[in-house]
Structures are given as C-alpha cells and as structure tokens.
Amino acid sequence: MRGMTLIEVFVVLAVLSLIFLALIPNLLSAKHKAQRIQCVSYHKQIGLGLRMWSNDYEDRFPWQVSTNAVGSNSPGTMELVAMMTPAVHFQIASNEIGSPTVLTCPTDKERKATTSWYQLTRSNVSYFVNLEANETKPASILIGDHNLMVNNKPVAPGLSIVTTNDNLAWDGKMHNQCGNVGLADGSVRQLSITNLNSQLQSSGVATNRFVIP
C-alpha cells in the first residue's frame with residue numbers, strides 16, 4: 001500500500017484547517033448562546049430569591065425595608081442605599097438566592113465570580129438592581145445586565161437615574177448588544193436594544209434608579 005506523499009499530507013492538513021475555520025463561527029455562536037441561557041438562569045434564581053425575601057416584608061424588596069425592621073429574615077438595606085453597590089442588597093438575601101456565583105454572568109470579563117458571600121464586592125456582581133422595582137408593577141425592571149448605555153454614554157458604577165424619556169442600549173461587552181433583565185414578577189427577558197427600550201416604556205415606572213456595580 002502506497003503511503004501519502006508530503007504534498008498530499010499538506011493538502012489534507014490544509015483542507016482540515018479550512019473546515020475548522022469554517023466551523024469556528026458556529027462553535028462560538030453555540031458557546032455564546034449557552035452562556036446567555038446560563039445568564040437567564042442566574043437572573044431567574046436571583047429574582048426568585050429577592051421575591052422570597054420580600055414575602056416576609058409585605059412584598060417589599062431589601063432596599064425598601066429599613067435596617068431596623070423586624071422580620072423572620074434579616075432586616076433590610078434601606079439606609080445602605082447610599083453605598084451605591086448592589087452587592088449589599090444581594091447579600092441580605094443570601095439565604096434565598098443561594099450561591100453568590102450566580103451574581104456573575106459567564107460572559108462578563110470585567111467581573112470575577114466568588115463563592116463567599118462575606119467577601120462579595122461590586123467586582124463579583126454583573127447585575128444592577130432597580131430601587132424603584134415594585135411587585136405591584138409586575139413589568140417593572142428588578143435586575144439586569146450592568147453593561148448599559150444611557151443616551152449613548154456608558155453608565156458608571158453607582159446610581160444611575162433612568163427615565164422613560166431616555167434611550168437605553170447595551171454596549172456589546174456581554175451578549176453581543178443584547179442583554180437580560182429580570183422583572184418584578186419573577187420573569188426574565190432576553191432583550192435587543194429596541195426591545196429594551198420598549199420594556200422601559202411599558203414598565204409602569206417613569207423614573208428608575210439603577211444601582212450599577
């Protein structure tokens with residue numbers, strides 16, 4: 001049986017390389033899709049945890065309950081809003097949320113997941129909270145990906161006031177100019193830029209206060 005010549009080997013390698021290069025976009029697309037689905041799952045777990053926590057406080061979220069409140073869970077974080085980091089609000093509902101690893105989106109290169117609630121900082125959190133989220137307004141935005149742009153400017157860490165007159169967008173760093181938001185009713189939306197603005201308009205909240213990590 002005749003062996004392959006050196007030229008034939010090079011031809012085979014070249015063909016295999018072309019096939020591999022052709023498959024790369026599909027492989028990356030599948031990876032990004034899987035990561036986005038995982039991010040949706042994280043939003044659902046966080047939203048459920050916050051809603052479970054609120055059951056003990058007349059359907060109010062941690063930042064709507066005083067630190068001096070008495071309940072079957074921990075007191076709220078109302079007086080800690082000035083710290084302007086969502087980490088403190090997630091920490092207070094740690095028992096309900098579960099693992100802090102769900103606070104970090106798998107596509108977020110600017111954040112690093114942690115397994116410790118005690119060491120949680122904004123550097124471990126990919127999601128903002130909306131201080132105006134209200135369970136009586138189920139379409140209001142509760143949490144969402146932090147890579148927002150407001151009126152063509154990236155949002156900075158801290159408090160960002162967003163009204164229905166503003167133009168929202170994703171900066172493309174996490175989900176290719178799409179993103180995820182969790183609503184006060186516990187549902188999660190995967191939104192394009194157009195749909196993000198539509199969600200804002202229909203949220204039932206004219207002025208939102210997003211706390212960006």
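The values are calculated or read from the model by the stated rules, or taken from the named source; none is laboratory data. Everything numeric in this text was worked out from a predicted model, so none of it was measured. Note that each Cβ is placed from the backbone with ideal geometry, even for glycine, and that neighbours are counted across all protein chains shown. Ligands, DNA and RNA are stripped out before the accessible areas are found, and what is left, the full protein with its side chains, is counted by its heavy atoms. Shrake-Rupley method; radii C 1.70, N 1.55, O 1.52, S 1.80 Å.
Before moving on, here are some points about what is shown:
- Flag if Ser192 is of a type in the set (Gly, Ala, Ser), in contact with a Phe, Trp or Tyr (Cβ under 9 Å, 6 or more places away or on another chain) and more than 21 Å from Phe61 (Cβ to Cβ): yes
- Close pairs (7 angstrom Cβ cut-off, 6 or more residues apart or separate chains): of a type in the set (Gly, Ala, Ser) and outside any loop (DSSP other than H, G, I, E, B) in segment 61-87, at pLDDT 90 or above and open to solvent by 50 Å² or more (accessible area, probe 1.4 Å) anywhere: Ala87/Thr121; Ala87/Arg122
- Residues satisfying the stated conditions in segment 61-114, i.e. within 30 Å of Asn176 (Cβ to Cβ), modelled with pLDDT under 95 and among the hydroxyl-bearing types (Ser, Thr, Tyr): Thr85, Thr107
- Residue in segment 50-67 that is out of contact with any Cys (no Cβ under 7 Å at 6 or more places or on another chain), surrounded by 20 or more Cβ atoms within 10 Å (Cβ to Cβ), of a type outside the set (Phe, Trp, Tyr) and over 21 Å from Asp185 (Cα atoms) present: no
- Filter result (without any contact (Cβ under 8 Å) to a residue 24 or more places away in the chain and open to solvent by 60 Å² or more (accessible area, probe 1.4 Å)) within segment 103-132: Lys112, Thr115, Tyr118, Gln119
- Taking the criterion of being among the small types (Gly, Ala, Ser) and either within 17 Å of Ser198 (Cβ to Cβ) or at pLDDT 95 or above (or both), the residues of segment 161-185 that qualify are Ala169, Gly179, Gly182, Ala184.
- Condition met for Pro106 (part of a loop (DSSP other than H, G, I, E, B), closer than 26 Å to Ile193 by Cα and in contact with a strand residue (DSSP E or B) (Cβ under 8 Å, 6 or more places away or on another chain)): no
- Scanning segment 191-208 for residues that are closer than 15 Å to Ala169 by Cβ, open to solvent by 10 Å² or more (accessible area, probe 1.4 Å) and in contact (Cβ under 8 Å) with a residue 40 or more places away in the chain yields one hit, Gln199.
- In segment 133-188, residue least open to solvent (accessible area, probe 1.4 Å) [restricted to those that are acidic (Asp, Glu) and touching a residue at least 60 places away in the same chain (Cβ under 8 Å)]: Asp145
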